[in-house]
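Undergrad: This is the structure I want to talk about, given as structure tokens.
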Amino acid sequence: MSQGNLFFMTLTTGLMVGGIYALVALGWVIIYKCSGVLNLAMGELTIIGAYVALTFYQMGVPFVLSIVLSLIIGLVLGILTERIFLDRLIGEPILTVIMVTVGLSFFLRGVVEFIWGTDTRVFTPAVFPLKPIKIGFLVIGSVYLWSFVTAIILLLILVGFFQYTRWGLAMQATADDEMAALSLGVSARFVYAAAWAIAFMAAGVGGSLLGNINGLNISVSYLGLLVLPAVVLGGLNSIPGAIVGGLAIGVLQNFAGAYLDQFFPGGVKQIFPFVFMVIFLLFKPYGLWGWERIERV
Amino acid sequence: MAKGFLPCGTYHQDYAHDHAWWQTRFVKGKMIFLAIGLFLIIPHLDSYYVGIVNMIGYTILGALGVDLLIGFTGQITLGHAAFMAVGAYTSALMVLEFPWPKIFIHLGLAYPLSILCGAVLAGLWSVLFGLPSAKVKGFYLILTTMAAQFVTVDFIITQYVARIGGRGQAFSLPPGTIKIGPWIIDSPTKVYYLMIILVLLCIGMVANLLRSKPGRAWMAIRDNDIAAETLGINIIFYKLLSFFVAGFIAGIAGAFWISNLAAISPEHFPWSWSLWLVGVILIGGTGSIQGTIFGSMFMVLVMEALQIGILPLADIYPQLLEKFLFVKESTFGLAICAFLIFEPNGLSYRWWQIKNYFNLWPFSY
């Protein structure tokens, strides 16, 4: 493979995977924007959705329908999680809230491992055709292409939901100024629950798509950690930032795998987003489009 | 958390008395009983129980550094296992690979020296990842400490350090290599003696640091870092000092733990272990050394009790035994959530209340 070809192949693969990251990152940002919770349980949200979808698919339900079913379960679980665990913690210090999400992630992970075990499972029969698709000189696995398309469609739906529907506007208003939104009759508790439900659903779809690419096991929850570099890059409370950050982290990760692996053999692909994040934080801690916070005594 | 109230009718007349460790005769008596328990009773228990106590001690050593960072300096860290791994690997490598002069090995100095080197190296490594704390805080600092975990354990140690000498993934420590002076550390009881000395030394070091200038600076930074800076505290220096001390203790913990293991591998220091340590101090109560001890005891003992409690159920539902690890994870997660929601001050707050009740009795007003 020629050098230029490798470059474009890496770029497209990175963008395609980045689409999935962007979807999950969007879920993360929605929770943070609406309720101020910094969620470290995102990885567990992805595997729960993915395992539910896989279980339905294995039972013979068509893939699209099993995704929809996992969305419904995600909705219920999201609302329950918010009501049981996070509703009581509004206004608590940052460490408390983060550690509750960490506790939540331990709990959910234990439950998932208990129910589904730790072996890698694959979607059988394969959901997407195995034959790669050729566009010009690029050869792309059709799994990647379809995942990207699905992720982009969902991203568009979510952005549309925020810009044009009544509920979406209510969520934006709460994120902007909670007090003003409350006085205009927006129910903050509804908004928090909706944010968690959306995050659960987005993460579940992201996990199912990634499970289609690599097979599904507990390590898919690594996706939930990869979201963090993405949102740091884009800015913690910026929806366009999350999308751009997700795509950029996907591309960066694949470039690191393609070009840096010869210098640092081993898992440089998994580590590079975090190294990048630390360096980025040193220079631009609020990300590309995040709000700068000015502190006073 | 403030000190407990003094018993009725006890007053301080000078500063030396006010700053004393053990302020009344009753407390001194309690400490003598504690010392008898620690040094004379526990070592003679069954080795299974000594093993559990060793686990508690290891957790205390690990959580002490986390408590120093989170509870006293306000720098949240979620990557402490990385520094323990640095200590453990430094110590193991020095014991196994370093060309010690014969006399050192003969006198049994190799392992104690390697503990010290491991601790210093872990402290410096911790400072390296604490550097961003000069610029960022809160959530962003959490991210950099997480990155410390992934870069150190999952990349540098797994891919490079663990392969030194063609050992593959796990370093095995042949019996007899872990030796302090004339004693070879090979039974739970001997590990226990090493543990109790290290734990007491570390607790003494941290407690003394906390009541001197660095400790007051750390607490000022925790309470309000901008105000602390205007008071003339060099906040970057003291934050990094806090990272160094925390890493130092983590290094000691890691280097100590290899005496209890036949082999070390990166799987002994996963990210979940870092989170576990933070959970331990939250359950015990942040910003309190007793809290670290209570939290460690609580978590280790509850997990053991869970294991014992689940054994009879295994007859009915045999899969439970092989899935015990997952039950443990879930229980730990639920315990953290429950403590944060219902008892945010942790176990040490309850202890404080009980102590005050007895100190003030019968006139509690």
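Undergrad: Just to be sure I understand, how many residues within segment B:343-352 are within 8 Å of chain A (Cβ to nearest Cβ) and assigned to a helix (DSSP H, G or I)?
TA: So the answer is 0.
Undergrad: Of the conditions (1) surrounded by 13 or more Cβ atoms within 10 Å (Cβ to Cβ); (2) assigned to a strand (DSSP E or B), A:Leu75 satisfies every one except a single condition; which number is it?
TA: For A:Leu75, the exception is condition (2).
Undergrad: Of the residues B:Val280, B:Val302, B:Val327, which single one is aliphatic (A, V, I, L, M) and surrounded by fewer than 17 Cβ atoms within 10 Å (Cβ to Cβ)?
TA: Exactly one residue qualifies, and that residue is B:Val302.
Undergrad: Is it the case that some residue within segment B:202-209 is surrounded by fewer than 20 Cβ atoms within 10 Å (Cβ to Cβ), out of contact with any Pro (no Cβ under 9 Å at 6 or more places or on another chain) and not in a helix (DSSP H, G or I)?
TA: no
Undergrad: Could you figure out which of (1) within 24 Å of A:Gly91 (Cα to Cα); (2) at pLDDT 90 or above isn't true of B:Ile293?
TA: Unmet for B:Ile293, out of (1) within 24 Å of A:Gly91 (Cα to Cα); (2) at pLDDT 90 or above: (1).
Undergrad: Please go through (1) at the interface with chain A (Cβ under 10 Å from one of its Cβ atoms); (2) of a type outside the set (Phe, Trp, Tyr); (3) surrounded by fewer than 21 Cβ atoms within 10 Å (Cβ to Cβ) for B:Pro132 and return the number of the only condition it doesn't satisfy.
TA: The number of the failed condition is (3).
Undergrad: Would you mind finding the one in B:Phe98, B:Phe139 that is of a type in the set (Phe, Trp, Tyr), within 14 Å of chain A (Cβ to nearest Cβ) and surrounded by fewer than 24 Cβ atoms within 10 Å (Cβ to Cβ)?
TA: Within the list B:Phe98, B:Phe139, the selection yields B:Phe139.
Undergrad: Here is a follow-up. In segment B:284-342, how many are within 13 Å of another protein chain (Cβ to nearest Cβ), not in a helix (DSSP H, G or I) and not small (Gly, Ala, Ser)?
TA: The qualifying residues number 3.
Undergrad: Do any residues in segment B:334-349 that are in contact (Cβ under 8 Å) with a residue 40 or more places away in the chain have Cβ atoms under 6 Å from those of residues that are surrounded by fewer than 20 Cβ atoms within 10 Å (Cβ to Cβ), where the two are at least six apart or on different chains, and which pairs are they?
TA: Pairs found: B:Leu340/A:Thr96; B:Ser348/B:Gln290.
Undergrad: Suppose we filter B:Ala262, B:Ala314, B:Ala228, B:Ala217 for residues that are among the small types (Gly, Ala, Ser) and under 22 Å from B:Ile196 (Cα atoms); which single one remains? Talk me through it step by step, then tell me what you get.
TA: Values: B:Ala314 fails: under 22 Å from B:Ile196 (Cα atoms); B:Ala228 fails: under 22 Å from B:Ile196 (Cα atoms); B:Ala217 fails: under 22 Å from B:Ile196 (Cα atoms).
Of B:Ala262, B:Ala314, B:Ala228, B:Ala217, the one residue that is among the small types (Gly, Ala, Ser) and under 22 Å from B:Ile196 (Cα atoms) is B:Ala262.
Undergrad: Scanning segment A:249-276 for residues that are polar (S, T, N, Q) and in contact with a helix residue (DSSP H, G or I) (Cβ under 8 Å, 6 or more places away or on another chain), which turns out modelled with the lowest pLDDT? Outline the logic, then answer.
TA: Here is the first cut: in segment A:249-276, the ones polar (S, T, N, Q) are A:253-254, A:262, A:270.
Subset that is in contact with a helix residue (DSSP H, G or I) (Cβ under 8 Å, 6 or more places away or on another chain): A:253-254, A:270.
On the way: A:Gln253: 89, A:Asn254: 88, A:Gln270: 80.
The selected residue is A:Gln270.
Undergrad: Condition check: touching a Ser or Thr at 6+ places or on another chain (Cβ under 7 Å), hydrophobic (A, V, I, L, M, F, W, C) and not in a helix (DSSP H, G or I). Does A:Phe128 satisfy that?
TA: yes
Undergrad: Can you go through A:Asn217, A:Asn212, A:Asn254 and tell me which one is away from every other protein chain (no Cβ under 13 Å), within 16 Å of the chain's Cα centre (by Cα), within 23 Å of A:Trp146 (Cα to Cα) and among the polar types (S, T, N, Q)?
TA: Within the list A:Asn217, A:Asn212, A:Asn254, the selection yields A:Asn212.
Undergrad: Something else about it: Can you name the condition, by its number, that A:Gly290 falls short on among (1) loosely packed, with under 15 Cβ neighbours inside 10 Å; (2) part of a loop (DSSP other than H, G, I, E, B); (3) in contact (Cβ under 8 Å) with a residue 40 or more places away in the chain?
TA: Unmet for A:Gly290, out of (1) loosely packed, with under 15 Cβ neighbours inside 10 Å; (2) part of a loop (DSSP other than H, G, I, E, B); (3) in contact (Cβ under 8 Å) with a residue 40 or more places away in the chain: (1).
Undergrad: Continuing with the same structure: Being more than 25 Å from A:Gly168 (Cβ to Cβ) and modelled with pLDDT of 80 or more narrows it down to one residue among A:Ile135, A:Ile115; which is it?
TA: Result of the check over A:Ile135, A:Ile115: A:Ile115.
Undergrad: Could you give me the residue pairs with C-beta distances under 9 Å whose first residue belongs to segment B:228-241 and is in contact (Cβ under 8 Å) with a residue 40 or more places away in the chain and surrounded by 18 or more Cβ atoms within 10 Å (Cβ to Cβ), whose second residue is part of a loop (DSSP other than H, G, I, E, B) and not small (Gly, Ala, Ser) wherever it lies, and which are 6+ apart or on separate chains?
TA: Within 9 Å, the pairs are B:Lys239/B:Gln75.
Undergrad: Among the residues of segment B:235-242, are any more than 14 Å from every other protein chain (Cβ to nearest Cβ) and in a loop (DSSP other than H, G, I, E, B)?
TA: No, there is no match, as no residue in segment B:235-242 is more than 14 Å from every other protein chain (Cβ to nearest Cβ) and in a loop (DSSP other than H, G, I, E, B).
Undergrad: Counting only residues that are part of a helix (DSSP H, G or I) and surrounded by fewer than 23 Cβ atoms within 10 Å (Cβ to Cβ), which one in segment A:86-96 is farthest from the other protein chains (Cβ to nearest Cβ)?
TA: A:Asp87
Undergrad: Still on this structure, please answer the following. Select, from A:Leu138, A:Leu130, the only residue that is under 21 Å from A:Leu209 (Cβ atoms), more than 21 Å from the chain's Cα centre (by Cα) and in contact (Cβ under 8 Å) with a residue 24 or more places away in the chain.
TA: None of the other options fit; the residue is A:Leu138.
Undergrad: Is it the case that B:Gly74 is touching a residue at least 60 places away in the same chain (Cβ under 8 Å), in contact with a strand residue (DSSP E or B) (Cβ under 8 Å, 6 or more places away or on another chain) and over 18 Å from B:Gly251 (Cα atoms)?
TA: Here the answer is no, as B:Gly74 does not meet what is asked.
Undergrad: Could you run through segment B:142-163 and say how many residues are more than 8 Å from chain A (Cβ to nearest Cβ) and either in contact (Cβ under 8 Å) with a residue 40 or more places away in the chain or not in a helix (DSSP H, G or I) (or both)?
TA: 8
Undergrad: Cβ-Cβ distance below 7 Å, separation of 6 or more or different chains: which pairs start in segment B:185-210 with a residue that is among the polar types (S, T, N, Q) and end on one that is surrounded by 15 or more Cβ atoms within 10 Å (Cβ to Cβ)?
TA: Partner pairs satisfying both residue conditions: B:Thr189/B:Pro43; B:Thr189/B:Val50.
Undergrad: When you go through A:Val159, A:Val143, A:Val112 one by one, which is the residue that is surrounded by 14 or more Cβ atoms within 10 Å (Cβ to Cβ), in contact (Cβ under 8 Å) with a residue 24 or more places away in the chain, within 14 Å of another protein chain (Cβ to nearest Cβ) and in a helix (DSSP H, G or I)?
TA: Sole residue among the options that is surrounded by 14 or more Cβ atoms within 10 Å (Cβ to Cβ), in contact (Cβ under 8 Å) with a residue 24 or more places away in the chain, within 14 Å of another protein chain (Cβ to nearest Cβ) and in a helix (DSSP H, G or I): A:Val112.
Undergrad: Only residues that are of a type in the set (A, V, I, L, M) and more than 7 Å from chain B (Cβ to nearest Cβ): list them for segment A:268-283, please.
TA: A:Val268, A:Ile279
Undergrad: Only one residue in A:Ser70, A:Ser66, A:Ser105 is touching a residue at least 12 places away in the same chain (Cβ under 8 Å), surrounded by 20 or more Cβ atoms within 10 Å (Cβ to Cβ), within 14 Å of another protein chain (Cβ to nearest Cβ) and of a type outside the set (Val, Ile, Thr), so which one is that?
TA: Values: A:Ser70 fails: within 14 Å of another protein chain (Cβ to nearest Cβ); A:Ser66 fails: within 14 Å of another protein chain (Cβ to nearest Cβ).
Matching residue, one of A:Ser70, A:Ser66, A:Ser105: A:Ser105.
The values are calculated or read from the model by the stated rules, or taken from the named source; none is laboratory data. Here the structure is a predicted model, which means the values were calculated and not measured. Quick reminder, even Gly has a Cβ in these numbers, built from the backbone with ideal geometry, and neighbours come from all protein chains shown.
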